[in-house]
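Enquirer: Following this message is one structure expressed as structure tokens.
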Amino acid sequence: MSDWIHTLPVLWMAVVIFGATYLGAAAIYSLVMALAVGEQARAFKGISPGLLPPLGIIFGLLVAFLAAQVWGDVDRANTAVNREASALRAVVLLSGSFPGEAEGRLRGLVSRHIQEARNTEWPAMARQRATLTMIPTPLAEALQTTLTMTVHGKGQVAAQREIVAALENALDARRQRILVSRSEVNWVKWTALMIQAICTLTAIAMVHSDNRLTARLAMGLFSTAVAVCILLIAAHDRPFTGQLSVQPAVLLQVRPESPLAATGP
């Protein structure tokens, strides 16, 4: 589906999708009714109404499959962001085991990473342009800083090990959110859904071609259902794009309140 539709507010997205769906249904209705004369009218009436339930079921199954994919992508995106936030929070808490310059540097690097994620990575993910080649410099520096810290006693040894594990967890979670940011329903699936909807609307018009009011009512109801399904999928299609996208709010919550500026070693 077009990029500009995904960036629309949900209200305007609904206007576009419902309008396009009703317009398409009206075009199908007009075409079928124009052709429903003479032999073609008898041919249309020869189509069994029993064809409609299978067509509707197939459309429903396609919607279910696409919805499962979309919901799965959104869940994966939320899980990745939450896991990254939890890991960074653990780094901030454990940095207290190294009071002084080391603690200030770790807190500053975590704060810088969250700021860069919000200002740079999130807009790139919204445009599906974020890639794994984007190096998280603050996290890499934090990992290097942790590995080179001088430790004293078992407590600091354990804290150092946990900080390294937390940073690796944050790096992995970041990789996962970048990968899932490129997920979407591809054009083949959208095309299959649209064709199935067109086939069903055409069948409804043909079966009720001798009663135009009934045809309009039936096509109007099914068109509304089609538009609702398309809107629901499109609004959540890209996890980091649009009004209902995953936001960095959880990361901002774990950002150190008054981080010390990250300084060189």
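Enquirer: Please enumerate the residues belonging to the stretch 150-177 that are assigned to a helix (DSSP H, G or I), farther than 24 Å from Asn82 by Cα and open to solvent by 80 Å² or more (accessible area, probe 1.4 Å).
Expert: Once the filter is applied, which keeps residues that are assigned to a helix (DSSP H, G or I), farther than 24 Å from Asn82 by Cα and open to solvent by 80 Å² or more (accessible area, probe 1.4 Å), the stretch 150-177 yields only Lys154.
Enquirer: Kindly indicate whether any position in the stretch 128-139 is touching a Phe, Trp or Tyr at 6+ places or on another chain (Cβ under 9 Å), on the phi < 0 side of the Ramachandran plot and either in contact (Cβ under 8 Å) with a residue 12 or more places away in the chain or open to solvent by 50 Å² or more (accessible area, probe 1.4 Å) (or both). Spell out the reasoning first.
Expert: Taking the stretch 128-139 as the starting set, the residues that turn out to be touching a Phe, Trp or Tyr at 6+ places or on another chain (Cβ under 9 Å) are 128, 130.
Now drop any that are not on the phi < 0 side of the Ramachandran plot, which leaves 130.
This time we only want the ones that are either in contact (Cβ under 8 Å) with a residue 12 or more places away in the chain or open to solvent by 50 Å² or more (accessible area, probe 1.4 Å) (or both), so: 130.
Checking the stretch 128-139: at least one residue is touching a Phe, Trp or Tyr at 6+ places or on another chain (Cβ under 9 Å), on the phi < 0 side of the Ramachandran plot and either in contact (Cβ under 8 Å) with a residue 12 or more places away in the chain or open to solvent by 50 Å² or more (accessible area, probe 1.4 Å) (or both).
Enquirer: To continue, here is another question. Kindly list, by first and then second residue, each pair from a residue in the stretch 63-88 that is crowded, with 20+ Cβ neighbours inside 10 Å to a residue that is polar (S, T, N, Q) and outside any helix (DSSP H, G or I), limited to pairs with Cβ atoms under 8 Å and residues at least 6 apart or on different chains.
Expert: Note: pairs meeting the criteria are Asp73/Ser183; Ala77/Ser181.
Enquirer: Inspect all residues belonging to the stretch 225-237 and state whether any of them is part of a helix (DSSP H, G or I), surrounded by fewer than 19 Cβ atoms within 10 Å (Cβ to Cβ) and more than 14 Å from the chain's Cα centre (by Cα).
Expert: yes
Enquirer: Let me ask another. Being at pLDDT 95 or above, in contact with a Leu (Cβ under 7 Å, 6 or more places away or on another chain), closer than 23 Å to Gly220 by Cα and open to solvent by less than 80 Å² (accessible area, probe 1.4 Å), is that true of even one residue in the stretch 23-37?
Expert: yes
Enquirer: Do we find that Leu147 is within 20 Å of Leu251 (Cβ to Cβ), without any contact (Cβ under 8 Å) to a residue 60 or more places away in the chain and either in a helix (DSSP H, G or I) or open to solvent by 10 Å² or more (accessible area, probe 1.4 Å) (or both) in this structure? Walk me through how you get there before you give the answer.
Expert: Working: within 20 Å of Leu251 (Cβ to Cβ): no; without any contact (Cβ under 8 Å) to a residue 60 or more places away in the chain: yes; either in a helix (DSSP H, G or I) or open to solvent by 10 Å² or more (accessible area, probe 1.4 Å) (or both): yes.
Against the criterion (within 20 Å of Leu251 (Cβ to Cβ), without any contact (Cβ under 8 Å) to a residue 60 or more places away in the chain and either in a helix (DSSP H, G or I) or open to solvent by 10 Å² or more (accessible area, probe 1.4 Å) (or both)), Leu147 does not qualify.
The values are calculated or read from the model by the stated rules, or taken from the named source; none is laboratory data. Keep in mind the model is a prediction, meaning the values are calculated, not measured. Please note: Cβ atoms are built from the backbone with ideal geometry, for glycine as well, and neighbour counts cover all protein chains shown. To get the accessible areas, we keep the full protein, side chains included, count just its heavy atoms, and leave off ligands, DNA and RNA. Shrake-Rupley method; radii C 1.70, N 1.55, O 1.52, S 1.80 Å.
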